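**Student:** Would you mind keeping the following structure in view while I ask a few things?
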Amino acid sequence: MRRSFSVLLAAAFFACGLGLLGSSIPGDKQTTNLEEAPSRTYLGFDRNQYPGDAALASLRQTFFFCGYWLNVPPGESSNTWKGKREVLTSSGFGFLVLFNGRLFRELKSLSNARTLGAHDGAVAVEAAKQEGFRAETVIFLDQEEGGRMLPVQRAYVHAWIDAVNASGYRAGVYCSGIPASEAGGATIITANDLRDNADRRKIVFLVYNDSCPPSPGCAFPRNPPSPQQSGIPFAAVWQFAQSPRRLDITASCPSNYRADGNCYAPLLKSAEGVNIDLDSADSPDPSSGRY
């Protein structure tokens, strides 16, 4: 879910990126019964490229839900997730429905940002309908820059949220849960900045924080850490690992990433190349997209 996961300074746009983490040990066995797991938190994955139909059965043995892109993911030239909702539903997955948003450089003025936000919100809703996601599904706006939002950035995001919420779907945002440095030694967390300036808008938060602690790194615990353990108490979903790892952020993490810096899905041969980001959620279907 990312173009770049570097934490930017205050002038940068808030970040949100996706893809889930995999095991650092080939053939690592997962014994959790996903249908009857007693945990109140649930493990999921996301990645920019669809992993392939043949991998779904193995992935489902470890993960409750997966990211699902409605448009072309960051850094990709096409959307390989398109048309895959039915096979994923029949395989038992819940969903983390994602829409790739605009970068700061694409926003030319306040009026332009509002126009683009409203347009992109409508596009996201139409794509969700075409993919079979019903009203009340949460669609998460992915942003690829972190720090305090500038006025044009906030205008874009607010217009997108308003368009999605007005349609009968629910708006979410994937953004940074990591403190970013500002002038004078202050710090800002994108998720807090967005929530504090939401003007009563209803927003579901998917935050990333892959620093250790609080992240366990590239790990697949039976009881994954809750989204609130990310450091953001209002988070509904937490992305706690990314592929490839960010060395400046994950230096204190356990040595459970592969040598190439990626986190790979367990129960799959590493040659299959399913590197992922890892997410935890309060629900096995964070976007309420199964039905």
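Bear in mind these aren't lab numbers, they're just calculated from the coordinates by the rules spelled out. For clarity, every value in this text was computed on a predicted model and none was experimentally measured. Methodologically, a virtual Cβ is constructed for each residue, glycine included, from the backbone with ideal geometry; neighbour enumeration extends over all protein chains shown.
**Student:** Treat every Asp and Glu Cβ in the chain as -1 and every Lys and Arg Cβ as +1, leave all other atoms uncharged, and give the resulting dipole magnitude about the Cα centre to the nearest 20 debye.
**Tutor:** Details: 28 positive and 28 negative charges, 44 e Å.
Magnitude of the dipole: close to 220 debye.
**Student:** Could I ask something else about it? In whole Å and largest first, what semi-axes does the C-alpha gyration tensor of the stretch 144-291 yield when each eigenvalue is scaled by 5 and square-rooted?
**Tutor:** Values: eigenvalues 157, 83, 35 Å².
Largest first, the stretch 144-291 gives 28, 20, 13 Å.
**Student:** Test of understanding: in a Gaussian network model of the chain with alpha carbons linked when under 10 Å, which of Asp120, Asp46, Asp248 would top the mean-square fluctuation ranking?
**Tutor:** For the chain, modelled as a Gaussian network with Cα springs under 10 Å, the answer is Asp248.
**Student:** Can you tell me the dipole magnitude for the stretch 44-165 around its Cα centre, using point charges on the Cβ only (Lys, Arg +1; Asp, Glu -1), in Debye to the nearest 20?
**Tutor:** Details: 13 positive and 13 negative charges, 31 e Å.
My answer is approximately 140 debye.
**Student:** Put +1 on the Cβ of each Lys and Arg and -1 on the Cβ of each Asp and Glu in the chain; which of Ala55, Ala259, Val138 then has its Cα farthest toward the positive end of the dipole?
**Tutor:** Most positive-ward Cα: Val138.
**Student:** Using per-residue counts of other Cβ atoms within 10 Å, averaged over each peptide, order 81-89, 212-220, 156-164, 55-63 from highest down. Could the numbers behind the result be given before it?
**Tutor:** Working: 81-89: 17.0, 212-220: 21.3, 156-164: 24.2, 55-63: 19.4.
My ranking of the peptides, most packed first, is 156-164, 212-220, 55-63, 81-89.
**Student:** Next question. Can you run phi through the Karplus equation (6.51, -1.76, 1.60; θ = phi - 60°) for the stretch 245-259 and list ³J(HN,Hα) in whole Hz, with x for Gly and Pro?
**Tutor:** Once θ is set to phi - 60°, the couplings for the stretch 245-259 become 5, 9, 4, 5, 8, 9, 4, 8, 6, x, 7, 10, 8, 6, 4 Hz.
**Student:** Here is a follow-up. Please list 3J(HN,Hα) in residue order for the stretch 202-210, calculated via the Karplus relation 6.51 cos²θ - 1.76 cosθ + 1.60 where θ = phi - 60°; whole Hz, with x for glycine and proline.
**Tutor:** So the Karplus estimates, Gly and Pro as x, are 8, 9, 9, 9, 10, 10, 10, 7, 9 Hz.
**Student:** Given the stretch 210-249, what whole percent of its Cα pairs are spread farther than 15 Å?
**Tutor:** Numbers: 289 of 780 pairs.
In whole percent, the long-distance tail amounts to 37.
**Student:** While we're looking at this one, here's another question. Per q in 0.12, 0.16, 0.18 1/Å, what log10 I(q)/I(0) does a Debye calculation on the alpha-carbon atoms of the stretch 156-243 return?
**Tutor:** -0.42, -0.69, -0.83
**Student:** Something else now. What is the dipole size for the stretch 141-291, taken about its Cα centre, with +1 at each Lys and Arg Cβ and -1 at each Asp and Glu Cβ, in debye to the nearest 20?
**Tutor:** Working: 13 positive and 16 negative charges, 60 e Å.
My answer is approximately 280 debye.
**Student:** Find which of Thr80, Phe99, Leu116 sits farthest along the positive direction of the dipole of the stretch 77-151, computed with +1 on the beta-carbon of Lys and Arg, -1 on that of Asp and Glu, about the Cα centre.
**Tutor:** The residue sitting farthest along the positive end of the dipole is Leu116.
**Student:** Can you give the Kirkwood hydrodynamic radius for the stretch 58-108, in Å, rounded to one decimal and based on Cα pairs? Don't skip to the answer; put the middle values down first.
**Tutor:** Details: mean 1/r = 0.0802 Å⁻¹.
By the Kirkwood definition, the hydrodynamic radius is 12.5 Å.
**Student:** Test of understanding: in a Gaussian network model of the chain with alpha carbons linked when under 10 Å, which of Tyr174, Tyr68, Tyr257 would top the mean-square fluctuation ranking?
**Tutor:** Tyr257
**Student:** Excluding Gly67 itself, calculate the net charge of residues whose Cβ lies under 11 Å from the Cβ of Gly67, where each Lys or Arg counts +1 and each Asp or Glu counts -1.
**Tutor:** Working: positive: Arg47; negative: Asp46, Asp142, Asp277, Asp279.
Surrounding charge for Gly67 is -3.
**Student:** Helix 110-130 sits at what angle to the longest principal axis of the chain, using alpha carbons and giving 0 to 90 degrees rounded to 10?
**Tutor:** Between the helix axis and the principal axis of the chain, the angle is about 40 degrees.
**Student:** What does the net charge come to around Ala235 if you take all other residues with beta carbon closer than 11 Å to its beta carbon, with K and R at +1 and D and E at -1? The partial results should precede the final answer.
**Tutor:** On the way: positive: Arg195; negative: Asp279, Asp282.
Within the 11 Å Cβ shell, the charges total -1.
**Student:** If the elastic network links every pair of Cα atoms under 10 Å, which of Pro224, Pro73, Pro254 fluctuates the most in the Gaussian network model of the chain?
**Tutor:** Pro254
**Student:** Excluding Leu88 itself, calculate the net charge of residues whose Cβ lies under 14 Å from the Cβ of Leu88, where each Lys or Arg counts +1 and each Asp or Glu counts -1.
**Tutor:** On the way: positive: Arg47, Arg60, Lys82, Lys84, Arg85, Arg290; negative: Asp46, Asp53, Glu86, Glu131, Asp285.
Local charge sum for Leu88: +1.
**Student:** Hey, what number do you get for the chain at 222 nm if only DSSP H runs of n ≥ 4 count, each worth -39500 (n - 2.57), divided across all residues, to the nearest 500? Mind dumping the intermediate values first?
**Tutor:** Working: 6 runs with 59 residues, N = 291.
Only helices count here, giving -6000 deg cm²/dmol.
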